[in-house]
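Beneath this line is the structure, given in structure tokens, with notes to follow.
The values are calculated or read from the model by the stated rules, or taken from the named source; none is laboratory data. Everything numeric in this text was worked out from a predicted model, so none of it was measured. Note: ideal-geometry Cβ built from the backbone for every residue, glycine included; neighbour counts use all protein chains shown. With ligands, DNA and RNA removed, areas are computed over all heavy atoms of the protein, side chains included. Shrake-Rupley method; radii C 1.70, N 1.55, O 1.52, S 1.80 Å.
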Amino acid sequence: MNILFIMYDQLRFDYLSCAGHAALDTPNFDRVAARGVRFTNAYVQSPICGASRMSFYTGRYVSSHGAQWNGFPLRVGEVTLGDHLREAGMDCWLLGKTHMKADAKGMARLGLSPDSVIGARQADCGFDSWARDDGLWGVGPDGYYDQKRSPYNEFLKSKGYDGDNPWADYANAGVKDGEIASGWMFKNADKPANIREEHSETPWLTSETIRFIDDAEGPWCAHVSFIKPHWPYIVPAPYHDMYGHNQIQGPVRDPSERDDPHPVLAAYQDTRVAQAFQRDEVREKVIPAYMGLIKQCDDQLGRLLDHLEATGKMDDTMIVLTSDHGDYLGDHWLGEKDFFHEASVKIPLIVCDPRESANTTRGSTCDALVEAIDLAATFVDAAGGAVSDHIIEGRSLMPWICGETPSEWRDYVISEYDYSVTPRAEVLAVTPRDARMFMVFDGRWKLIHFEGGFRPMLFDLASDPDEFADLGAEETHAPQIDRMYEHLGHWGRRMAQRVTRSDAEIMAMRGGSMRRGILPFLVDGSEVPDDLTQKYRGPARQFHLDGPETQEENQ
């Protein structure tokens, strides 16, 4: 079986028709949901691109892998999805975005050349790269936002789009009075992008994916990672005016949220992007473009599904649709992501397994608490491999997909955010080590803990599903706060760094050489008989070759 692992950047969980959006029609997302399972309580490990993706790609929490914000390198040697899948006999390819920064210092220290197979995989987050393009080619005072090569820009130049950066001048810009109208400016969101629709980013990556499907030899996992509907919010015709301001969902916000907000929330409500989205005229321009971008994503998903069916590969390809985080779009007086309300931290997740074992769950929803790190475990499980649960911290979703109810499942989900490099840390006067926050959510109660001496926030989603009332300062809710802190403390004490020895290996080592870390063996290399192993088991009389009680015993 193959795995088509599709990620959309900054796609909200509730902007699909199968998730209940009133105006946005996404028949191809719905088509996959009708053949698979839609998980309705899926959460990312961090509401920021880079940190979230590194958790998807390692199956590990953010504080475990350490790449806690955009541009923070994933340390060399971190075991990734590609490593796990190749061990299970499956290739792992990248098409599109990772937002991963390589640990160049670590690679140099170990003598790993980026031109080698191992070095290239280290630099591409463990994937073999088919067409990596991280998708943001803006230029600022320090030069390009991304210094890597852009296959998409090269494609545009081959089609006759001129200039050094046609991504910015055509794919992400409109035209006004004969001048370029940059898509970075919200006021231009209602203009059609200055590009033929078939040459825009989403169709380009779709075409690359079709080419991959036709040429690749399986079994493979293809991570197809679209940059849209992430900003710049601009989309080519006919999608630019497909939706009007009368079709957008009203903002999920309440004046009480601005009366006396938590100081960290207030700092985020005062950012320039948040202030822009607090204005109705901005939302009325940006959100129809955001919806148009999603509609284009859905149409291009239809191209992929049709190609899989036409080539007979639908029946042996698992399809996974998800996102790296959401988008506030003005909810809670915020823009971007960067906080822990549902609009930001909750994601769409649809899994379609074509095998007969999944027939009983087709077209169903599952409300179990799911984390982004679960996909790494799911893919290894689906590929027939053994999940290395001393490394991968997520849990396989295959039991849910196959209609089973696991005997034990998680009671809460965790998300983390490190804002140490953002202006908010300076505004709040917190040190880099204290500029961190954690969310723990048990399906009803959501606690947000802040380092740096701030009180926690608490929401009861049963009585307050819109998360308007912060109960964190109320004494009457102290028992709930204490209970949620117990969850957070239990999670914080997890075994996260003993990744070179599994529990099974440790159990097998008992009775062997504790000091050397090897299994007991005889001089001729054969295993020690059980009776002799038992004789020398235990801390008082360890059996090892370099310090036996007598030479006779050693022999």
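In the list 376, 383, which residue meets the criterion of being farther than 24 Å from residue 445 by Cα and under 15 Å from the mean Cα position of the chain (by Cα)?
Selected residue: 376, the only one of 376, 383 that is farther than 24 Å from residue 445 by Cα and under 15 Å from the mean Cα position of the chain (by Cα).
Within region 434-484, take every residue that is in contact with a strand residue (DSSP E or B) (Cβ under 7 Å, 6 or more places away or on another chain) and part of a helix (DSSP H, G or I) and give me the one that is surrounded by the most Cβ atoms within 10 Å (Cβ to Cβ).
Only one residue fits best here, namely 484.
Has region 276-298 got at least one residue that is open to solvent by 20 Å² or more (accessible area, probe 1.4 Å), closer than 20 Å to residue 347 by Cβ and either touching an Asp or Glu at 6+ places or on another chain (Cβ under 6 Å) or in contact (Cβ under 8 Å) with a residue 12 or more places away in the chain (or both)?
yes
Would you pick out the residues in region 171-196 that are surrounded by fewer than 17 Cβ atoms within 10 Å (Cβ to Cβ) and among the charged types (D, E, K, R)?
176, 177, 179, 187, 196
Residue under question is residue 415, and the condition is that it be of a type in the set (S, T, N, Q) and either farther than 23 Å from residue 461 by Cβ or not in a strand (DSSP E or B) (or both); does it hold?
Spelling it out, it is not the case that residue 415 is of a type in the set (S, T, N, Q) and either farther than 23 Å from residue 461 by Cβ or not in a strand (DSSP E or B) (or both).
What is the residue count in region 232-241 for residues that are in contact with a Gly (Cβ under 8 Å, 6 or more places away or on another chain) and crowded, with 22+ Cβ neighbours inside 10 Å?
So the answer is 5.
For region 242-251, which residues satisfy the criterion of being open to solvent by 40 Å² or more (accessible area, probe 1.4 Å) and among the aliphatic types (A, V, I, L, M)?
242
Only one residue in 434, 470, 460 is touching a residue at least 60 places away in the same chain (Cβ under 8 Å) and on the phi < 0 side of the Ramachandran plot, so which one is that?
Just a single option satisfies the conditions, and that option is 470.
List pairs: first residue in region 108-121 and at negative phi, second residue open to solvent by 90 Å² or more (accessible area, probe 1.4 Å) and of a type in the set (Val, Ile, Thr) anywhere in the structure, Cβ distance under 8 angstrom, at least six positions apart or on different chains.
As it stands, the answer is 112/118, since those pairs meet every condition given.
Residue by residue through region 197-216, note down the ones that are open to solvent by less than 50 Å² (accessible area, probe 1.4 Å) and over 21 Å from residue 311 (Cα atoms).
Passing the criteria: 197, 199, 200, 201, 202.
For region 187-209, does any single residue satisfy the condition of being free of Cβ contacts under 8 Å to residues at least 12 places away in the same chain and touching a helix residue (DSSP H, G or I) at 6+ places or on another chain (Cβ under 9 Å)?
There is at least one residue in region 187-209 that is free of Cβ contacts under 8 Å to residues at least 12 places away in the same chain and touching a helix residue (DSSP H, G or I) at 6+ places or on another chain (Cβ under 9 Å).
List the residue pairs whose Cβ atoms are under 9 Å apart, where the first residue sits in region 43-69 and is over 20 Å from residue 341 (Cβ atoms), the second is part of a helix (DSSP H, G or I) and among the acidic types (Asp, Glu), and the two are 6 or more positions apart or on different chains.
59/374
Kindly indicate whether any position in region 404-415 is without any contact (Cβ under 8 Å) to a residue 60 or more places away in the chain and at positive phi.
Looking through region 404-415, none of the residues is without any contact (Cβ under 8 Å) to a residue 60 or more places away in the chain and at positive phi.
Taking region 298-329 on its own, how many of its residues are under 18 Å from the mean Cα position of the chain (by Cα) and farther than 23 Å from residue 374 by Cβ?
1
Taking helices (runs of 4 or more DSSP H) that do not extend beyond region 83-170, which have at least 3 residues that are under 27 Å from residue 228 (Cα atoms) and either at pLDDT 95 or above or open to solvent by less than 30 Å² (accessible area, probe 1.4 Å) (or both)?
151-158
Within region 252-275, restricting attention to residues that are within 14 Å of residue 329 (Cβ to Cβ) and among the hydrophobic types (A, V, I, L, M, F, W, C), which residue is surrounded by the fewest Cβ atoms within 10 Å (Cβ to Cβ)?
Per the criteria, the residue is 273.
What are the residues in region 78-97 that are under 25 Å from residue 436 (Cα atoms) and out of contact with any His (no Cβ under 7 Å at 6 or more places or on another chain), if any?
79, 80
Among the residues of region 217-227, is any among the polar types (S, T, N, Q), under 25 Å from residue 100 (Cα atoms), within 23 Å of the chain's Cα centre (by Cα) and crowded, with 18+ Cβ neighbours inside 10 Å?
yes
Which of the residues belonging to region 172-214 are under 22 Å from residue 162 (Cα atoms) and either β-branched (Val, Ile, Thr) or assigned to a strand (DSSP E or B) (or both)?
173, 174, 175, 176, 179, 180, 181, 182, 192, 195, 202, listed by residue number.
All but one of (1) in a helix (DSSP H, G or I); (2) open to solvent by 30 Å² or more (accessible area, probe 1.4 Å) hold for residue 301; which doesn't?
The number of the failed condition is (2).
In region 18-29, what residues are surrounded by 18 or more Cβ atoms within 10 Å (Cβ to Cβ) and either touching a Pro at 6+ places or on another chain (Cβ under 7 Å) or among the acidic types (Asp, Glu) (or both)?
Hit for region 18-29 is 19, nothing else.
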